[in-house]
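One structure below.
The values are calculated or read from the model by the stated rules, or taken from the named source; none is laboratory data. Predicted model, so just to flag it, every value in this text is computed and none were measured. Reconstructed Cβ throughout: ideal geometry from the backbone, glycine too, with neighbour counts over all protein chains shown.
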Amino acid sequence: MAERPLTGSIRPEVAPDISAYESAGGYEALRKAVKGMSHQDVQKVVTDSNLRGRGGAGFPTGQKWSFVPMDEAAPREKYFIVNADEMEPGTFKDRLLLECNPHQVIEGAILGAYAIGASRAYIFLRWEYRLAEKRLEQAMAEARERNYLGKNILGSGFSLDLRIHTSAGRYICGEETALLSAMEGRRAVPRAKPPFPQVCGLWGRPTIVNNTETVANIPPIIRNGPSWFHGLSHTGDAGTKMYGVSGRVGRPGVWELPMGTTMRELLEEHAGGMRDGYRFRGLIPGGASTDFLVEEHLDVQMDYSSVQKAGSRLGTGMMIILDDKTCPVGMINSIIRFMARESCGWCTPCREGLPWLEKVLRAIETGDGRPGDIELLGEHARLLGPGNTYCALAPGAVEPLQSGIRYFREDFERHIRDKRCPWR
């Protein structure tokens, strides 16, 4: 993350090094924190910055930290975890941060651990991210050589053991308590809350789990202050955001831009618009578990409240574009099929409901749909909605389905009426 939105491009083929990071102000925030700020001071700066979680939920980061017990009776052992599993379809922002700027993630993890008084920290890394793992290992070794990691960091008396935990790779690990179960060597199944991880998390100890992009925002906030962070944004949701666009556009990619950048600017200016011969039909704004939006929403600002008012969620901020030569029924079916396979199987609605939805969608797509199937899909999407399942996997999975039926109902009806997919 930069002190202002990036205007150039990052190059994953160039291995980062600690000297380049230090020359850009790297580890100044760590030095500032451990030599002149208390744990509570660091928490307050992050709280005042209004940094919200960049992994999808958007929960205020400082408020989350404040739930960790800090009094004399609090457990001595605490944990800080960076969630770098990044299994959300259409999302690849964290991979670029880890590959191109691992030191900023590492510094953010050290600062987060310092803020809650944790002596151990982990980067929970998706196993396919081999290059990211290699570069993180190199960066951690460099940080230890400069005494930014390890015992008595910079002579402050604060020590931190930071390690990489390579994940076997499950979508459900985006849910923080399922991630904790996996780290403990058990089946990745969400836990009942309360107790919340901030009080009783990894191995029963107070634990904070933050997304990679969230953690990467911490060093510049500590270095420059909350007012600076607020000034980067176009809206009340502070800071910059890693936005991405994938699909049949001119320049798919990821850009760091002010929070509140419009969908139209992302699509037309940064992603180069639609490819020649393709027309825009809709988009999913924040990874596969968010509702579709259409052309009337292109001027909506990409922040938490604006996207929610438009009927979707900001999620990861990584847009997936639907064009006029892609079958919306097939696209939705692919999402539901993925979610059904990634269900942990713990609760019946998710375990049984998602495969059933995939079966009905597949029948519609292949020409075996029947009158009434659309209404059945809508009813089951409602039954799998918030409050009806153990965690948020199934409610997120049905968001593109319920919104797809709303915006592309004619496509569903045509499949059933003509007994075939028009795009085949």
Segment 138-149: number of residues that are within 13 Å of Leu111 (Cα to Cα) and in contact with a strand residue (DSSP E or B) (Cβ under 7 Å, 6 or more places away or on another chain): 1
Ile416, sole failed condition from (1) buried (at least 17 other Cβ atoms within 10 Å of the Cβ); (2) within 23 Å of Gly311 (Cα to Cα): (2)
Qualifying position, being at positive phi and not β-branched (Val, Ile, Thr), among Gly231, Gly174, Gly150: Gly150
Test result for Glu352, at pLDDT below 95 and under 21 Å from the mean Cα position of the chain (by Cα): no
Matching residues, segment 231-254, being in contact (Cβ under 8 Å) with a residue 12 or more places away in the chain, outside any loop (DSSP other than H, G, I, E, B) and over 21 Å from the mean Cα position of the chain (by Cα): Val249
Residue within segment 158-175 that is closer than 23 Å to Arg76 by Cα, surrounded by fewer than 19 Cβ atoms within 10 Å (Cβ to Cβ) and of a type in the set (Val, Ile, Thr) present: yes
Extreme residue, surrounded by the fewest Cβ atoms within 10 Å (Cβ to Cβ), among residues of segment 291-307 that are under 21 Å from the mean Cα position of the chain (by Cα) and within 19 Å of Arg409 (Cβ to Cβ): Leu293
Of residues in segment 199-217 being among the polar types (S, T, N, Q) and assigned to a strand (DSSP E or B), the one farthest from the chain's Cα centre (by Cα): Thr207
Selection status of Ser343, of a type in the set (Gly, Ala, Ser) and under 17 Å from Asp411 (Cβ atoms): no
Cross-chain or 6+ apart pairs with Cβ under 8 Å, segment 338-356 first and in the same structural domain as Ala394 (by TED's automatic domain parsing), then part of a helix (DSSP H, G or I) and of a type in the set (Val, Ile, Thr): Glu342/Ile172; Ser343/Ile172; Cys344/Ile172; Leu354/Ile336
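Matching residues to (1) assigned to a helix (DSSP H, G or I); (2) within 27 Å of Ile321 (Cα to Cα):
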residue	(1), (2)
Ala73	no, no
Arg76	no, no
Val82	no, no
Pro89	no, yes
Leu96	yes, yes
Gln104	yes, no
Ala109	yes, no
Tyr114	yes, no
Tyr122	no, no
Within segment 177-198, considering residues that are in a loop (DSSP other than H, G, I, E, B), closer than 15 Å to Phe124 by Cα and among the small types (Gly, Ala, Ser), the one farthest from the chain's Cα centre (by Cα): Gly185
Where Arg313 falls short, out of the listed (1) over 17 Å from the mean Cα position of the chain (by Cα); (2) part of a loop (DSSP other than H, G, I, E, B): (1)
Options Gly185, Gly250, Gly286, Gly244; residue that is of a type in the set (Gly, Ala, Ser), at negative phi and modelled with pLDDT under 95: Gly286
Tally of residues being surrounded by 19 or more Cβ atoms within 10 Å (Cβ to Cβ), under 16 Å from Thr91 (Cβ atoms) and touching a His at 6+ places or on another chain (Cβ under 8 Å) across segment 229-256: 3
Some residue of segment 137-152 being in a helix (DSSP H, G or I), within 16 Å of Ala216 (Cβ to Cβ) and either within 20 Å of the chain's Cα centre (by Cα) or not assigned by TED's automatic domain parsing to the domain that holds Gly185 (or both): no
Selected residue (only one of Leu384, Leu401 is at pLDDT 90 or above, buried (at least 18 other Cβ atoms within 10 Å of the Cβ) and out of contact with any Pro (no Cβ under 7 Å at 6 or more places or on another chain)): Leu401
Counted residues, segment 316-330 - those being surrounded by 21 or more Cβ atoms within 10 Å (Cβ to Cβ) and in a helix (DSSP H, G or I): 2
